[in-house]
Amino acid sequence: MSDDVAEEVGEILRQPIVAVTGHVDHGKTSLLDLLRSIGDKNQTNVMNREAGGITQELGVTNVPAVLLNNAIQTMPFKEKPVFDSPGIIFIDTPGHESFGSIRKRSGSVADIAVLIVDLVEGFKPQTIQSIKILEKNDIPFIIVGNKIDRVHQWESKRGRSSWQSWKEQSKDVRNSADEFYYKLLGQVATNSKFNLTKYWEGIKSFDIENDRFFVPMSAKEGEGLQDLLFVILAMAEKFARQDLIVDPNEMAEGYVLESREEVGLGKTIDIILTKGTIGVGDDVAYNTNEGPVGNIGGEDAVRIRAIRQPKDMAEMRDAGKRWNDVKQASAAAGLKIIIPHLKDIHIGSKIYFPKPGDDYRSVFNEMNRENKRIRNETPIMCSICKDVVSRKMFSDIHTNPDAMGSGFSAGCQNAEELREGAVVKARTVGGLEALIYELAKRKIPISRAEVGPVNRRDLRQIMATEKEEHRFLVALSVKGNDQVEKELDEAIKKKGASSYHFIQAEIIYQVMEKIDEIQDAIRERASSSSGPVFMPGQVRYLTKYGMMNDDPALFGVHVLKGSLRVGQELLRNDGTGRTLGKVMSIGEEGQTVAREGEQVPIKMNIRFTRSKIVDDEEFWADVPPVDAKMMRNVAMTESEKSAFDEIKKIHNMILEDRRYGFGWKL
């Protein structure tokens, strides 16, 4: 829209929504604490109140225009910039690898993203994951080189522009800072399609299709905040302006960020309202596991009972008593919504607030499409191989024989969703997803995962679990019925502390450390009289033994390194992290192991086709997590060490690339 037309119709903009993301401990929450400190001297430190100083939920902060403009006026410009935006809404996202699904939610909501990187440390796995999410959603992002004060002899000054600070440093210090900048430039080029440029050098010639801005700052020392705010508003109003224009006639909608149980309120949802205006009593339509909910305009319609908005610049995760109960709210806004009889709403999905006359049928159809997509992406565990995969992939192995190439064995065609195993409880859906991710990495089956406090039904569930190493009742940040928790604890002790495990903690690190300790103790007891079952190895496929269309498959291998044992899985060497299947037999009857240099026929529980294996293809004789941990204390040959090093690399890659996977890490 041209400036003349905009003036004629009185164009109004909403706040840009900015996701703040990056690796854990690189300074995301510290940056937002710095931002809040310019608005309210009494504003307390969110990071200090978060469990362990680690972000575990999405946090939303609204910064009004008056504070933004006051900060930007300190920039060293001859002409002070003026912006139309009524403010900025910031979303703080977790950086820990377990919270990948939350980063995806924030990435789908945002207009612009701020990617925080420790300037000295550079990119980390979660940094790369964040860039992939942002590129997939076509969201412009800014690279913040935080902790500039860590550059040797850098002199920080609170409240100063980092552009001005960069110019005022000595030549040697600027050269040192440039070294870190050029390292980041290379990492951006390697992991994305973009060029990185210092914002003060590229602001006039910036190309949104090819460039990304670099903004140095120190959240700790309070240096460079105004630079970041300036770049955010400049990018938003130039490149995302059309998305920010308010249409007074559009249907109100937003995204569900989180769901939680709250004392005195019951089940509530946190949302980002991205379009329109909503009020108490308005109809609501949202998605659940059973499908869309909301009979718009009918007698049984779902309606808003209450709307709460954080006061001033209070952070939604931790607003405490700093809430305003409002009758009406307009986009963009972070809100807490209370809806009677709220069902299990899909976190990360859209929520709609249709008015009479709105096209509800198209909304209903869109929600059905979204519901199908969400169900297809739901993680489940296979009862045969214990891999955690999407529901769609799990379904494909029953209907599509070619899907066997994805790493499943032929036996998985008869698999079911696993119903036995750990019970997982958390205060929020985001925490629940993180626990599922961590347990999946450890191949611990999950029988039930719910938001809310622990109860007696949970205890009965884990008592029905067959294997001790899976009998976990895990509670993250749950503050429920203390008496029930006490009874559970006593019941577990009565049954035997070594058999049933009740784990509570505020931080996911603490939960997983306790689980690892318990599993290690169980494994040590089981292996006290023996070493690892499977040793690492490498094999090459030999065509001379191959027999087409056999089930199980029969073909030959040449053991190049280490050994191959019956029961061992063959890991593909193509960078996918997929397995071919499990070895059922080796060579002559009764042979259980083939050693380096041997050429032997093997049988595997797959249906052999030439599309699965190519001539001279090489595989790794995989090592399961239990045996991998024992390798530290096992004397290995040079070829075994070489094979094990490569297998470790593949498993590390699996953990970095997959939201749910079967990799392990030492």
>> For the structure I just gave you, tell me whether SER349 is modelled with pLDDT under 85 and of a type in the set (Ser, Thr, Tyr).
In response: yes
Pairs returned, first residue in segment 461-478 that is at positive phi, second residue that is surrounded by fewer than 21 Cβ atoms within 10 Å (Cβ to Cβ) and modelled with pLDDT under 80, beta-carbon separation under 6 angstrom, 6 or more apart or interchain, are SER477/GLU506
For segment 638-666 the number of residues that are modelled with pLDDT under 80 and of a type in the set (Asp, Glu) is 2
Going through segment 4-41 in order, the residues found to be in a loop (DSSP other than H, G, I, E, B) and at pLDDT 80 or above are ILE12, ARG14, GLN15, PRO16
Scanning segment 184-199 residue by residue, the ones that are farther than 24 Å from LEU229 by Cβ and touching a strand residue (DSSP E or B) at 6+ places or on another chain (Cβ under 6 Å) total 0
Quick check: anything in segment 116-137 modelled with pLDDT under 80, assigned to a loop (DSSP other than H, G, I, E, B) and not β-branched (Val, Ile, Thr)?
yes
Among residues of segment 115-153 being small (Gly, Ala, Ser) and out of contact with any Pro (no Cβ under 6 Å at 6 or more places or on another chain), the residue farthest from ALA234 (Cα to Cα) is GLY122
Filtering segment 135-150 for residues that are of a type in the set (A, V, I, L, M, F, W, C) and surrounded by 23 or more Cβ atoms within 10 Å (Cβ to Cβ) leaves a count of 4
When segment 108-117 is checked residue by residue, the ones that are of a type outside the set (Val, Ile, Thr) and crowded, with 22+ Cβ neighbours inside 10 Å are ALA110, ASP111, ALA113, LEU115
Here the residues within segment 187-229 that are in contact (Cβ under 8 Å) with a residue 12 or more places away in the chain and assigned to a helix (DSSP H, G or I) are GLN187, VAL188, ASN191, TYR199, TRP200, LEU225, GLN226, ASP227, LEU228, LEU229
Taking segment 570-602 and keeping only residues that are assigned to a loop (DSSP other than H, G, I, E, B), farther than 17 Å from ASP616 by Cα and in contact with a strand residue (DSSP E or B) (Cβ under 7 Å, 6 or more places away or on another chain), one is left with ARG578, GLY587, THR592
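The values are calculated or read from the model by the stated rules, or taken from the named source; none is laboratory data. Note that the coordinates shown come from a computational prediction; the quantities given were computed from them, not determined experimentally. Because the Cβ atoms are built from the backbone with ideal geometry, glycine has one as well, and the counts that use them run over all protein chains shown.
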